[in-house]
């Protein structure tokens, strides 16, 4: 048996268990999340964190002109000093946060799904004041992306059709 034939045989055998499991990509046409794309409208952001969260949700789900679903959310964050020198200066911060969300049908107002997602990130405060502020802003943006990605994952699992 040639090397090429062996590879073909091994790959065919490896893919065999997936053939009968009903696997289908969630975001493919007709997939579990097909009803989400361009159909979810998030409430208008009131601050920078909300803006970053909604921006990421729209990147992942598309912007809805006439949303079928409305997404309400509440964000909470807390920076905590993580690296402290002998003199008490904080050199590293950890930013923890969570977002509670509620998806409702826009026509009826009926709740479809709700939940809470959590995440964390960090930044260094060892540089100049400008560098530290830029790193902090970037950490907040990264955390909002983490929370938005988790919300999209939960909505996908809920399977809106």
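What list do you get for 149, 138 if you sort them by fewest beta carbons within 10 Å?
Values: 149 16, 138 12.
With the sparsest Cβ surroundings first, the list reads 138, 149.
Give the order of 101, 73 when sorted by the count of other beta carbons within 10 angstrom, beginning with the fewest.
Numbers: 101 24, 73 20.
By the 10 Å Cβ count, ascending, the order reads 73, 101.
I'd like the distance separating the alpha-carbon centroids of region 49-72 and region 119-154, in whole Å.
One Cα centre to the other: 19 Å.
No value in this document is a laboratory result; all are computed from the given coordinates. Keep in mind it's a predicted model, so treat the numbers as computed, not measured. Please note: Cβ atoms are built from the backbone with ideal geometry, for glycine as well, and neighbour counts cover all protein chains shown.
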